[in-house]
Amino acid sequence: MANVSVTERVQAAQVAAAGAQLHCAQCGLVCEPDSLVQGELAGQCLPYCCQGCAFVAQTLAQVREAVPAAAGDTATGQLQEAAVDVHGMVCAACALLIEARLRALPAVRGAHVDYAQKRAYVTFDAQRTDLGKLSAVIHALGYATERSAEEARRAARLELARVGLAWLAMMQVMMLAAASYVAEPQAIAPDLMQLMRLAQFVMTVPVMLFSAAPIWRSAWHQLKARSVGMDVPVALGLAGAFVHSLVAIFQAVGEVYFDSITMFVALVLSARWLQARAMTRAHAFMASAQEALALRAKRVRAHATNAQNPGYDVVPAAQLVVGDRVWVAAAEAFAADGLIVQGESSVSQAWLLGEARPQRIAQGAAVLAGSVNLEAPVMFEVTRSGERTALAAVSRLAHRAAQSRQPMMELAQTVARYFLWVVLTLSVGTWLYWTLMAPAQAWPSVMAVLIATCPCALSLAAPAAWSAAQAAMARAGVLLTRASALETLAKVGTVAFDKTGTLTTASPHLLRVDTDRPEIDALTLAASLASASVHPYAQALSQAAAAQGKVLHPAHALKVHTGSGIEGAIGGQPYRLGHRAFALASTGGMDRLDTDGQGAATYLADSHGLVARFNFGEQLRPGGAQVVKQLRALGVDTALLSGDRKPAALVVARAAGLNAQAVQASMRPQDKCAHLAALQRSGRVVAMVGEGINDAPVLAQADVSVALSSALGGAALAQAQADIIVTNPDLSVIADAVRVARKAMRIVKQNFFWAIAYNSLALGLAVSGQLPPVLAAVGMAMSALLVIANAMRLHHGWYAQAQALLPNR
Amino acid sequence: MESLYWLIPLSVLFVLLMGAVLVWAAMDGQFEALEQEGQRLLGGDGLPNDPDQRDQA
């Protein structure tokens, strides 16, 4: 495929070369004279626009020669498909190059490199090669690959091995060191003492070389980048202690610090390992969303001769285009967003909604990529694929949130950076002072300063809490799209709700049927007439009838009077359904039903007069009343901003438990903005909850905006401009989110307080020579562990609450 | 006390050996999915020929 297009381009280039301009034989671009490269290919001299294209063309030619040898090989092993993210591709030619190079490998059955996605899809024989080798091939061409799952697992194991080895060595070194601490002076023979020191040294070497390797590496990178990071003083302290101890052994005088070294490495690595695990857990939600996306799809053949069994091709999900029809077997995931065209089943959308409750789907139902088909095979038609799916949108939002920095985190990082310089300066000062005053004290004091004052806890304080909060919220179906939203949410004083589509479901709902002729089944009659119309009230009647299991009568001579109602005949009797005046027009008779009701009403009449009145209203969303109650319990005011008339807004407000004075009705978008601005001027932090698209300007006015994606379906997720997107259909998670945000901020403050208090105390003690290096190591690592453990608390608390809420829904 | 002169080097050798075994075990993934093996023992593997599963069916 790639080869053909290249050949075509070469021909095109040759044709064009006859004209005034030279076109590159590889990419087809016009060659600038000053960067023109002549390359020889298959005995021809061809023009290339740059060295890169010339190189690509040459390599492709070589690869092409190698391909026939590989193609003859048909041994079938275990075929595996994988997607590898490739970085460093600058043009489509790069994608072709990687594709051709991969295909030339004997173990590779198929390769497709998507330049736009920067991703390579490879089908390969798992018995003859693995992802690591394929990545190495891509590396050899000069491109970088994202760490594959296999490599990530290896890295995690390596971390564990490092921590484990450090602990083992620490215990053994400490045993030997303890003997010299507790023994009377001169009680241990000098040569035995020397042997014990040597033994400690031998056991410390693997810790320094293997366990502490990440510390050396990151310290080196920080120095190379001319920025002082956390690991620079740590590495200096470790190296200093090690060298000092080594010299002490050879000179047979002075202290050795192998116990401090091993203990420090063991504790610091443990803290980092725990932090990494917490982060992994925090990102597990996003990872599961990524895994949820099927990499391949069974695309139904378009021009099939056999309509019953058209057959399908297995294609990479990225190749699906709008209009493709795809089979999804039970237990498989949907590879794109689409509409069901055949079959009935149920799906789980746990990745989006935060709950794994199955949802029924049938013909015409919308499904989202990443949902898992639970029961029976279905066929769907693709409406959005690749980067346009809701799943991709959610991933992008979550990544954006992870990348955007919270102001508080920014501040902590800056403080930590300055603090490091203070530490380095102080350690030099300490060394000078003690060298002059008491040389034996100099090394231990400098080491204590370098190690004890590492602002690890300070820089972990905010991120640890933030990621725990984000993960907990995501699991309940609340997505933060901006890091700063958490802080603002914690300070919220007023939560304003839009009415229609936010506090209530968007469509009207049949509230009440009043009749004084109970012998007639008014609902069935009305629904039978209503089936002719797509008016929202007609649909509400149909839904209500269906919900009560009514069997509709066949209606004849149906006539829809736009704006008035429907007339028709059922069982030979004429009926009219619609406005009061319209319904009564045929009879002119009197009616005894009173006319003042709540909300809008529709009337059904027969030839004798009115049969029944149907009252419609808006139905409160699930959790609509709870969210108001829970927010009030948290001391947060609630308000209802509605474009609707006052009575309708008041009905909803009453149902939700809102105070009448908190209701603002008949508001245009600009009125809503002004109202929010007025609230903000009075010093309140305002959150606005809306459906996310039509009310974007109002949402933008609020300090923190919350969009309900469940009101719109997955389609609108990507367009929703909000700081927080609620995917859970239950509104009460908004109150939970406020609670978590407040707790997170409390934890951040506790963490900061602890970190600052500890660092100041340790610094003072270390400089004055009061802090032995062993204690410094313990103190520093413990404060980091404490900060992480404090943040993990958030995780558990919220999770328990969310679990407790679920069965009630 | 004389024995310490060869016991200490011996213990160091043992520690290095233990360290190597530990690293090997960690890299082999022996510390992952610790609950899974216990579950396997208790709950069976879910195959149809498992006696527990068959009795329930």
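Obtain the nm distance between the two label points defined at A:A546 and A:E375 by a simple spin-label model: each point lies 7 Å from its Cα along the Cα-to-C-beta direction.
About 1.6 nm separates the two model spin labels.
Please order A:T562, A:T204 by the number of other Cβ within 10 Å, starting at the fewest.
So the residues, fewest neighbours to most, are A:T562, A:T204.
Taking 0.36 nm per residue of sequence separation and subtracting the Cα-Cα distance, how much length would be gained by fully extending the chain between A:D516 and A:I249, in nm to one decimal? Mind showing how you got there, number by number?
Numbers: separation 267, 0.36 × 267 = 96.12 nm, distance 10.52 nm.
Contour length minus Cα-Cα distance gives 85.6 nm.
Give me the extension gain from A:R277 to A:K749: residue separation times 0.36 nm, minus the current Cα-Cα distance, reported in nm with one decimal.
Fully extending the segment from A:R277 to A:K749 adds 167.7 nm.
Okay, which of segment A:480-495 sit inside 15 Å, backbone N to the point 7 Å along the Cα-Cβ direction of A:R632?
Of the residues in segment A:480-495, A:495 have backbone N under 15 Å from the label point off A:R632.
Can you put B:E37, A:E375, A:E519 in order, fewest other beta carbons within 10 Å first?
A:E519, B:E37, A:E375
Once phi is turned into θ = phi - 60°, what whole-Hz ³J(HN,Hα) does the Karplus curve with 6.51, -1.76 and 1.60 give for every residue of segment A:317-328, x standing for Gly and Pro?
Residue by residue, segment A:317-328 yields 4, 5, 8, 5, 10, 4, x, 5, 10, 10, 7, 10 Hz.
Check which residues have an amide H placed less than 5 Å from A:A601's amide H, if you skip close sequence neighbours.
HN-HN under 5 Å from A:A601: A:F616.
For the residues A:Y433, B:Y5, what sequence is obtained by ranking on other C-beta atoms within 10 Å, fewest first?
Details: A:Y433 16, B:Y5 12.
The fewest-first ordering by Cβ neighbours comes to B:Y5, A:Y433.
Quick note: the coordinates plus some simple rules give every number you see, no bench work behind them. Fair warning: this is a prediction, and the values are worked out from it, not measured in the lab. Neighbour counts run over all protein chains shown; Cβ positions are idealised from the backbone, glycine included.
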